[in-house]
Amino acid sequence: MIAARVSIVIPTYNHDQYLGAAIESALAQTHVPDDIIVIDNGSTDRTPEIAARYPVRYIRQTNQGICGSTNRGIAEATGDYVVILHSDDRLLPNHVETNLAAFAAHPEAAFVCGDYRWLGADDCWHVHRCEPLPDYYGTLLRLNFIGPPIVVMFKRDVLRDVGGFRREFEGADDQEMYLRIARQYPIHCHHHVIAEYRRHPGQNSHKLATMLAAAIKTLEAQRPYIKSHPEYRDAYRSGIRQRRSLYGEMIFWQGVGAAKRRQWTEAVTCLSVLLKYDHSQLLHPAYRRLLQRLGRRPSIQPS
């Protein structure tokens, strides 16, 4: 029997301070990957120099967003299985071995996944809740229990068959991919901690307004499917509430803080997103005071 091949794809853009650690975590696997591909999305820092220090395949392209660089890596991958490692995160040494064992036990799965721990943020936490309700697709509608793609190992052919990551959902493109696959194929979660998700000021997950808008857009894209599969209606409604709850309060206080700093464009952006997606936050007493502040600036235009 021929052993399965594994490709680790590392999309990167201006992360020279983190890239070396990401590559080293891929090289430190107890089951050595067959292919490590760095896709440089037009970085202007020392990324080419850092990548040249390691035995990886380095490919540079013009900036096509995170979806564009990830899809390029999928197209270049030679493995039967693909791991997507964002260049500011790290894999734990058991990542590849644990996921391959999960595939051996569940060969029908399109992807297998586990859990992560925080890196660089001791005050952050999350709860891994993946009980199928009524199945994994329903659970993903309720909440993105998978989180970042570093905890996933995909079958390469499935990624190619479903068309890769979609740029129109950027900000929640990983959630959209999980849902799109789970509608069509079995998936499996093995629960083991296999990666480290780095928390730092420059990461996209700090762009809360963008994240909420993308998450709601991703769920709304499921509506045609749910219309013909009413067993998922409760999960869909719960998912909308969960995303609003997850992001809404943080966006509100981000807007309040921006107004206090007189950063009016950011304040208006936060309020515009809340007006569209989470009216409940606008009942807060601080909202009236914030409107009063903004009312003194009649020339403000939403960004």
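Of the residues TYR54, LEU85, PRO186, the one whose Cα sits farthest towards the positive end of the charge dipole of the stretch 6-205 is PRO186 (charges of +1 on Lys and Arg Cβ, -1 on Asp and Glu Cβ, taken about the Cα centre).
Just to confirm a number: summing +1 for Lys and Arg and -1 for Asp and Glu over residues other than THR269 whose beta-carbon lies under 13 angstrom from that of THR269, what do you get?
Summing Lys/Arg as +1 and Asp/Glu as -1 gives +1.
Pick from ALA267, ALA214, ALA105: which is most flexible by mean-square fluctuation in a GNM of the chain where alpha carbon atoms under 10 Å apart are linked? For the chain, modelled as a Gaussian network with Cα springs under 10 Å, the answer is ALA105.
Both radii come from the Cα set of the chain: Rg as radius of gyration, Rh as Kirkwood radius; their ratio Rg/Rh reads 0.99.
For the stretch 260-269, backbone phi angles converted through the Karplus equation (6.51, -1.76, 1.60; θ = phi - 60°) give residue-by-residue couplings of 4, 8, 6, 8, 5, 4, 5, 4, 5, 4 Hz, Gly and Pro being listed as x. Computed about its Cα centre, the charge dipole of the stretch 6-205 is approximately 200 debye, with only Lys, Arg, Asp and Glu carrying charge at their Cβ.
Candidate cross-link partners of LYS227 among the lysines, defined by an alpha-carbon separation under 29 Å and a same-chain spacing of 8 or more, comprise LYS155, LYS217, LYS276. Here the relative contact order of the chain, from alpha carbon pairs under 8 Å that lie six or more residues apart, stands at 17 percent. If you count the DSSP beta bridges with both ends in the chain, what percent of them are antiparallel, to the nearest 5? Once the DSSP bridges in the chain are tallied, antiparallel ones form about 25 percent. Residues in the stretch 45-62 carry Karplus couplings, in order, of 9, 8, 3, x, 5, 5, 4, 5, 7, 10, x, 10, 8, 10, 10, 10, 9, 5 Hz; the curve used is 6.51 cos²θ - 1.76 cosθ + 1.60 with θ = phi - 60°, and Gly or Pro positions show x. The magnitude of the dipole of the stretch 79-186, with charges of +1 and -1 set on the Cβ of Lys/Arg and Asp/Glu and taken from the Cα centre, is near 220 debye. Using +1 at the C-beta of Lys and Arg and -1 at the C-beta of Asp and Glu, which of THR44, TYR277, VAL152 has the Cα lying farthest in the positive direction of the dipole of the chain? Going by the charge dipole, the pick is TYR277.
With viscosity set to 1.002 mPa s at 20 °C, what whole-number translational diffusion coefficient in µm²/s follows for the stretch 47-202 from Stokes-Einstein and a Kirkwood radius over Cα pairs?
Answer, rounded: 131 µm²/s.
One decimal place: the segment GLU97-VAL32 gains 22.5 nm when fully extended, by the rule 0.36 nm per residue minus the C-alpha distance. Our note on the geometry: Cα centres of the stretch 83-142 and the stretch 232-277, 27 Å apart.
Backbone geometry of the stretch 113-118 corresponds, through the Karplus equation with coefficients 6.51, -1.76 and 1.60 at θ = phi - 60°, to 3J(HN,Hα) couplings of 8, x, 10, 9, 10, 6 Hz, x marking Gly and Pro.
Does the stretch 107-157 classify as rounded, prolate or oblate by the C-alpha gyration tensor (a ≥ b ≥ c root eigenvalues; a/c under 1.5 gives rounded; else a/b over b/c gives prolate, otherwise oblate)? Taking the square roots of the gyration eigenvalues as a ≥ b ≥ c, the stretch 107-157 is oblate.
Bear in mind these aren't lab numbers, they're just calculated from the coordinates by the rules spelled out. The model shown is predicted, which means the values in this text are computed figures rather than measured ones. Cβ atoms come from the backbone with ideal geometry, glycine included; neighbour counts cover every protein chain shown.
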